[in-house]
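The values are calculated or read from the model by the stated rules, or taken from the named source; none is laboratory data. All figures in this text were calculated on a predicted structure; none of them were measured in a lab. Please note: Cβ atoms are built from the backbone with ideal geometry, for glycine as well, and neighbour counts cover all protein chains shown.
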Amino acid sequence: MRPDALRALRDALGSPRATQVLTEVIITVALVTHAVRAFVGWPGAIAILTTLIVLASVSLAGQPERAEWRGVLPVSLLALFSLMAVSIIWSQYTWASLGGIAYAIAFGVLGVYIALVRDLIQLVRAMGNALRAILTGSFVLEILSGVIIDTPFAWIGISGDLAAGGPIQGLAGTRNALAFLGALAVLSFWIEYRTRSVPRGLTAYSLTLAAATIVFARSPVSLLVLAAVLAAGLALVVLRRLQPVARRATQSVLLVAAMIGAMIAWIFRDSVITVVDATADVQARTSVWSAVSGLIDQQPALGWGWVGHWPVTVYPFSSVRSSAGLQPDSALNAYVDIGLQLGLAGLIVLVTALGLAFVRAWLVASDRRSTVYVWPALTLVLLMTTSLTESYLLFEGGLLLFVTSAFAAARNRSWRRRLA
């Protein structure tokens, strides 16, 4: 390509409008990668991901003033991705690890791009537009499958049960994944409403769409996750209205209350599981965790090597079965999953990265006046609680959300900015 043509392309992709569109496309592809693979297969999905990385690089080159990441990119995140990369040294499945590492880094790079070129309100707007398109498309397919044609779309994971009241899977592939997107949509649409970013009519449609997604997904996991996000949201509402001195004292009270609440929930976990009708889901997950724990004991320190989504034909992943005899593509728990793949070292790095990101995001959300600063903190709560029953945090859209939220929090609360 001629230099003048390359310069013109760089300037075009670096424009505010092109940057916003590219951001929305990246978020959409990341959140429904399952559907992308169903439509175009793994080769097509890799080609799309590679194209997005190239376009993001050119776009960032067209706005070099935004490419200041060294002082805010969290060291804990760098440590996590570095551990993934070096795990190829001891990996039991070298080629699978090589692909998994590249795949994870690709979504990490796209997350960094979004965090660099979009401020927080622009990020929430992009997230809202992407989720509106995803959830609307999901209901269109569910109506076609479950009402008009009355035939399951097995190729994309839709069972066609909308007319029976669900559960529905939409473009997410599973009811739990769709419910996760519904919960993220509620949070994003609520922030849009509070910041008056979209017209009221669109807000009403968006919140109705998100609520319908959660209801028809019929995911017992989503009820517990929404309860945690709601509790965190109410705590932030209280904190944001207090004076700084009172706020610091209240933070300590809330921390103790959260610890006590977690202990009570654990003690009465059987009753909680029964109330939300999650007995079957929990049995399936505990059977997988039990099988994985034996594998973790064989490689406790550094794990078997990073691979991301499980290649179900490769040992040790091929040996894991749920209580129903099904072969899962993850450990159905991000903390167990990283313990299997990166051992105790990986678990420590992940928990540290999550903890630092959450503390930064929480303090920023407590101090800053605009409601938009609540989004990273509550998104991290959503990811952390969902990670107890799914491994979304480690893959694709969940990983992108983690990187973006951690970066947004560090931008406003990085200790390295205080260095001369």
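Filtered by the rule that a residue be over 23 Å from Leu123 (Cα atoms) and either in contact with a helix residue (DSSP H, G or I) (Cβ under 6 Å, 6 or more places away or on another chain) or polar (S, T, N, Q) (or both), the range 14-59 gives Arg37, Ala45. Applying the condition of being over 21 Å from Trp42 (Cα atoms) and over 16 Å from the mean Cα position of the chain (by Cα) to the range 85-112 and asking which residue is surrounded by the most Cβ atoms within 10 Å (Cβ to Cβ) yields Ser87. At least 2 residues being at pLDDT 80 or above is the threshold, and among the helices (runs of 4 or more DSSP H) wholly inside the range 1-86 those reaching it are 16-31, 33-61, 75-86. Out of curiosity, is Ala217 at pLDDT 90 or above and under 18 Å from Gly397 (Cβ atoms)? In short, yes.
Candidates are the residues of the range 195-212 that are surrounded by 12 or more Cβ atoms within 10 Å (Cβ to Cβ) and β-branched (Val, Ile, Thr); the one that is nearest to Gly170 (Cα to Cα) is Thr203.
When restricted to residues that are in contact (Cβ under 8 Å) with a residue 12 or more places away in the chain and assigned to a helix (DSSP H, G or I), the range 167-201 contains 23. When the range 312-328 is filtered for residues that are in a loop (DSSP other than H, G, I, E, B) and either under 15 Å from Ala284 (Cα atoms) or without any contact (Cβ under 8 Å) to a residue 60 or more places away in the chain (or both), the ones remaining, listed by number, are Val312, Thr313, Val320, Arg321, Ser322, Ser323, Ala324, Gly325, Leu326, Gln327, Pro328.
Checking each residue in the range 26-68 for being among the β-branched types (Val, Ile, Thr) and in contact (Cβ under 8 Å) with a residue 60 or more places away in the chain picks out Ile26, Ile27, Thr28, Val32, Thr33.
Being in a helix (DSSP H, G or I), over 30 Å from Val32 (Cβ atoms) and of a type outside the set (Gly, Ala, Ser) narrows it down to one of Leu255, Leu226, so name that one. Result of the check over Leu255, Leu226: Leu255.
Does at least one position in the range 288-310 carry a residue that is in contact with an Asp or Glu (Cβ under 6 Å, 6 or more places away or on another chain), free of Cβ contacts under 8 Å to residues at least 40 places away in the same chain and not in a helix (DSSP H, G or I)? Checking the range 288-310: at least one residue is in contact with an Asp or Glu (Cβ under 6 Å, 6 or more places away or on another chain), free of Cβ contacts under 8 Å to residues at least 40 places away in the same chain and not in a helix (DSSP H, G or I). Condition (residue is buried (at least 17 other Cβ atoms within 10 Å of the Cβ), assigned by TED's automatic domain parsing to the domain that holds Gly339 and not in a loop (DSSP other than H, G, I, E, B)) applied to the range 131-141: is it met by at least one residue? Within the range 131-141, not a single residue is buried (at least 17 other Cβ atoms within 10 Å of the Cβ), assigned by TED's automatic domain parsing to the domain that holds Gly339 and not in a loop (DSSP other than H, G, I, E, B).
Of everything in the range 159-170 that is touching a Gly at 6+ places or on another chain (Cβ under 7 Å) and of a type in the set (A, V, I, L, M, F, W, C), the residue that is farthest from Pro220 (Cα to Cα) is Ala163.
When Gly303, Gly325 are checked against the criterion of being on the phi > 0 side of the Ramachandran plot, in contact with a Ser or Thr (Cβ under 9 Å, 6 or more places away or on another chain) and of a type in the set (Gly, Ala, Ser), a single residue qualifies: Gly303.
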